[in-house]
1. Evaluate the charge dipole of region 71-166 about its Cα centre and quote only its size in Debye, nearest 20, assuming +1 on the Cβ of each Lys and Arg and -1 on the Cβ of each Asp and Glu.
2. Provide the percentage of antiparallel DSSP beta bridges, counting only those with both residues in the chain; round to the nearest 5.
3. For helix 15-35, report the angle its Cα long axis makes with the longest principal axis of the Cα atoms of the chain; keep it between 0 and 90° and round to the nearest 10°.
4. Given a 1.4 angstrom probe, I'd like the percentage of the accessible area of region 282-357 that is carbon and sulfur, rounded to a whole number.
5. Tell me whether the chain comes out rounded, prolate or oblate; compute the Cα gyration tensor, take square roots of the eigenvalues as a ≥ b ≥ c, and use a/c under 1.5 as the rounded threshold.
6. Which value in nm describes the separation of the simple spin-label points at Leu172 and Thr314, placed 7 Å from the Cα toward the beta carbon?
7. With +1 on each Lys and Arg Cβ and -1 on each Asp and Glu Cβ, how big is the dipole of region 136-195 about its Cα centre, in debye rounded to the nearest 20?
8. Could you order the peptides 237-246, 144-153 from most to least packed, using the average number of other C-beta atoms within 10 Å per residue?
Amino acid sequence: MSDRVFRIGLLGRGTVGGAFAELLPARAAHIEAITGMRPEITGVLRRNEGDFDQILEGSDLVVEVIGGIEPARDYVLRAMLAGKHVVTANKQLLSQHGEELWACARENNVQLRFEAAVAGVVPVIRVLGESLAAADLDRIHGIVNGTTNYILSEMARTGCTYEDALADAQRLGYAEADPTEDVNGKDAAAKMAIIARLAFDTPVHLDQVTYEGIEHITADDMEYARELGLGLKLLGTAERVEGGLSVRVHPAFLYGSHPLASVGGPFNAVTIESESITEITLSGPGAGGPQTASAVLGDVISAMIPPASTPEATQALTIIQDIESAFYLHMEVADRPGVLAQVAQILGLQGASVKSVVQKGLGEKARLVMVVHPLLESKFFAAMDLIAGLDFMRSRPRAIRVIEEEFT
């Protein structure tokens, strides 16, 4: 066995950092057998402990799990400029400053590893960057936020409200005390920006990812979904569209045969599609200290035996915002003749056709719910604005996208 110590500086010792600090010594002997080097944490930086310059000088690799943009960006850049490998779990940093950081890694011949930044222990980054590096990918769908997947799963399972499901997720530790970036879609958007960058070899910034959350989802939506044979997920999508690239996050209904439809609870999953590979689905726990720490440690091992760093992007695809989608449309209407006909007429004028309709309730509880075949989102939302102005509407209509693709 080698007597060489591989020195690790740990920036941050919260949930993930603490779990990593426990996991590393437990696996150190195994890692030494694989790499010939024994990994040890030689310095820790947190609010009231440690000096970054001293930690940097005494390390071969820096693990950044403090989160946020600054000072994390400064620390990561300084570490790589000093010739140190870096492992980070910081999705917001990479989704906003990834090109700068990857360029710095290449220029200084060091590793910048970030498997833990996306989908927890699910190895989607390694698969995209290495296993499928030669594949010409067409589309990626991802359930990449465990908090929202748990909330929607519980709403579907129990019929509870969004508020009750969120409170349950917080009680179980699946949601933070402030869950805003999870439930409004920003967390998933940052992860999809990173996934899209690797999958399609083109720079993608968080600001280019359109996203919406699940705060408006109701128990009624779940009830109608069951009748229509649909299940609801907060879905991230990155796909080629007419020579460009669309990257987006939004609630979407899936038919039961879709490989992501059965992914429940706090789990994450990613479906990768192309003509050459057909379809691959990766799934597993998407959050939690031990799970994320395991992904971080996997990156540490990879950096100890380094392959090439993330290459420079070779494409600059146009980011497409207006795409075709099918929609679920939920309307609270007055209970009188001609309602369906007027709604259908407005949809038809925008080129929309109705796939299925459910009508329920009487009087003040009348509901009209339909699924509309795919059309440009701009045309659908124009129709929805017109429908909202009809005199029989009792509130503004609500829409959720539907993924038409089915797998057998």
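1. 320
2. Working: 50 of 73 bridges.
Here the share of antiparallel DSSP bridges comes out near 70 percent.
3. 60
4. Numbers: 1870 of 3440 Å².
Accessible surface attributable to carbon and sulfur in region 282-357 totals 54 percent.
5. Prolate, since a/c reaches 1.5 and a/b exceeds b/c.
6. So the label points at Leu172 and Thr314 sit 4.4 nm apart.
7. 140
8. 144-153, 237-246
The values are calculated or read from the model by the stated rules, or taken from the named source; none is laboratory data. This one's a predicted model, so the numbers in the text were calculated from it and none came from an experiment. As a convention, Cβ positions derive from the backbone with ideal geometry for all residues, glycine included, and neighbour counts pool all protein chains shown. Only protein heavy atoms, including side chains, enter the accessible area calculation; ligands, DNA and RNA are left aside. Shrake-Rupley method; radii C 1.70, N 1.55, O 1.52, S 1.80 Å.
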